[in-house]
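Taking it in order: structure first as structure tokens, then the write-up.
The values are calculated or read from the model by the stated rules, or taken from the named source; none is laboratory data. Everything numeric here is computed off the predicted structure, so don't read it as measured data. In this analysis, Cβ positions are derived from the backbone assuming ideal geometry, glycine residues included, and neighbour counts consider all displayed protein chains. When the accessible area is computed, the model is the full protein with side chains, heavy atoms only, and any ligands, DNA or RNA have been set aside. Shrake-Rupley method; radii C 1.70, N 1.55, O 1.52, S 1.80 Å.
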Amino acid sequence: MAKTPVTPRPAGGDGPPVPEMLPERPTITKVRDLAKGCRACHLYKNATQTVFGEGPRKAEVMLVGEQPGDAEDLAGHPFVGPAGKLLDRALDEAGIDRRLVYVTNVVKHFKFEPRGKRRIHAKPNTAEIAACRPWLETEIVLVKPRVLVCLGATAAQALLGKSFKVSQQRGTFVPSSLAPRVTATVHPSSILRAPDDESRHTEMRRFVADLRRVAAELK
Ligand code: SF4
């Protein structure tokens, strides 16, 4: 019997779009399992695996980054690489227990460009973000965090609009239907890229200050 042709996807995927994959009665476990087989955009082709969000089912805080990095792609868990370790330290300094935080990304597969033996992070484009977004929206609906924190410009602009400027609006809470309190700060990887120790320390202090504002919301 002839196979039904697969409709081409705007982001180059060859599987059904995410909304068609979502179950009628989603749970985080069900959705995480389904996301393992996602082919809604082309990013699955070169990545090792889907890296879905992790954390308590009813976490009070959800942190949303851009996409898994090299270490996360290999491990299959979000925020376990160098940026994740820096995030751990910052959360600790801010008085937020990471074990009580749900961490995830706007895009669930690692996008990179090969350079020799290394895989260099590449920014996901609008079509890839749009293709993946229903996974994140489902996570937000199921976890219902009290505070949602976008980490970096990609997450902030995907969730708060293109005009959101992390450099100017970081640490402020903005009205949003996504959660009762919504804010944004930098992505921890930007602190790792600071040109010298002094600016790295300064950026870390600012990051922790933003996270302390989140901690204050939880009291
Ligand atoms: S990046 Fe998102 S939409 Fe694209 S294949 Fe991976 S899980 Fe699916």
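Entry note, the stretch 1-145: relative contact order of 28 percent, from Cα contacts under 8 Å with a spacing of 6+ residues.
Which value at 222 nm does the chain reach when only helices count, each DSSP H run of 4 or more adding -39,500 (n - 2.57), with the total divided by all residues and rounded to the nearest 500 deg cm²/dmol? Could you put the intermediate results ahead of the total?
On the way: 9 runs with 87 residues, N = 219.
Using -39500 (n - 2.57) per qualifying helix, the result is -11500 deg cm²/dmol.
Between S163 and R133, the C-beta separation translates, for a Förster distance of 22 Å, into a calculated FRET efficiency of about 0.75. Note on exposure: S199, S177, S167 ranked by accessible area (1.4 Å probe, complete protein assembly) read S177, S167, S199, with the most exposed listed first.
The simple Förster model, with R0 at 41 Å and r as the Cβ-Cβ distance, assigns D33 and E198 a FRET efficiency of 0.35.
Note on the chain: Cα convex hull, mean projected area over all directions, 13.6 nm².
For the set L34, L178, L148, the ranking by accessible area, highest first and with no ligand, DNA or RNA atoms included, is L34, L178, L148 under a 1.4 Å probe. Site pair K85 and A216 shows an inter-label distance of 3.2 nm when each label is modelled 7 Å from Cα along Cα→Cβ. Within the stretch 128-219, the proportion of Cα pairs with more than 20 Å between them is 39 percent.
Near V208, once Lys and Arg are set to +1 and Asp and Glu to -1 for all other residues with Cβ below 13 Å from its Cβ, the sum equals +2.
Summed over all non-identical Cα pairs, the Kirkwood treatment of the stretch 1-107 gives a radius of 15.4 Å. Probing with 1.4 Å while keeping every protein chain in the model, the per residue accessible area of the chain equals 53 Å².
Note on the stretch 114-219: lysine pairs with Cα distance below 25 Å, sequence gap of 8 or more or different chains, count 5.
Counting protein heavy atoms only, the stretch 40-178 has 54 percent of its accessible area on carbon and sulfur, 1.4 angstrom probe.
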